[in-house]
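Since the structure comes first, as structure tokens, the remarks are kept for the end.
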Amino acid sequence: MSALHIFDMDGTLLRDSTASLEISHRRDQVAELEDLETRFAASEITAVDFALAIRELWHDLTDDPAGILTPADKVRFVETERARRHLPVRACVAYGDSLSDEPLFAALDHTVAINADARLETSARIAYRGDDLREAYAQGRELLEDH
């Protein structure tokens, strides 16, 4: 049977760190990032607010910032692709690492949190900690075999 594996991990394999934190360290902006992350975790700001603030904080890194996707967009994109391929929900596995993946994890039965935030791990079918993406992928495939 065909399957759809969805990976959304911007910092997953960075142990005890994230891509955003690594950039902030190099730019001496850790305090600003930590403030944004605290406000996001407390639901004081949305994913879009967070992305807009980061784009402003790092405005000089790119001349052409990409569009800002919301957590709901992830679900919409996956649903569109799943329908295009005529796949049932049980044939999809999502892999993620952050709170912005929660809506996607809620929409699918098969989910793997990879080096994820503790809150996301509680909503995942499997929580993987390690540095070998092949191991996490194998666990995702096992979820498909169980159904």
Condition broken by Thr111, with the remaining ones in (1) modelled with pLDDT under 95; (2) of a type outside the set (Phe, Trp, Tyr); (3) within 18 Å of the chain's Cα centre (by Cα) satisfied: (1)
Give me the pairs, please: first residue somewhere in region 33-56 and farther than 15 Å from Pro71 by Cβ and part of a helix (DSSP H, G or I), second residue anywhere and open to solvent by less than 70 Å² (accessible area, probe 1.4 Å) and polar (S, T, N, Q), beta-carbon distance under 6 Å, and either six or more positions apart or on two chains. Leu33/Ser20; Leu33/Ser24
Residues of region 88-118 that turn out to be in contact (Cβ under 8 Å) with a residue 40 or more places away in the chain and part of a helix (DSSP H, G or I), as a count: 6
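Return the residue satisfying two criteria in turn: it lies in region 1-34 and is surrounded by fewer than 12 Cβ atoms within 10 Å (Cβ to Cβ) and at pLDDT 80 or above, and of such residues it is farthest from the chain's Cα centre (by Cα). Walk me through it before giving the result.
Narrowing region 1-34 to residues surrounded by fewer than 12 Cβ atoms within 10 Å (Cβ to Cβ): 1-2, 15-16, 26, 28, 31.
Then keep just the ones that are at pLDDT 80 or above; that gives 2, 26, 28, 31.
Details: Ser2: 23, Arg26: 23, Asp28: 25, Ala31: 22 Å.
The residue in question is Asp28.
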Sort out which residues of region 108-129 are in contact with a helix residue (DSSP H, G or I) (Cβ under 7 Å, 6 or more places away or on another chain), open to solvent by less than 50 Å² (accessible area, probe 1.4 Å) and over 14 Å from His5 (Cα atoms), and write them in order of number. Leu120, Ala124, Ile126, Tyr128
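The values are calculated or read from the model by the stated rules, or taken from the named source; none is laboratory data. Keep in mind it's a predicted model, so treat the numbers as computed, not measured. Cβ coordinates were reconstructed from backbone atoms using ideal geometry, including for glycine residues, and neighbour counts include every protein chain displayed. Only protein heavy atoms, including side chains, enter the accessible area calculation; ligands, DNA and RNA are left aside. Shrake-Rupley method; radii C 1.70, N 1.55, O 1.52, S 1.80 Å.
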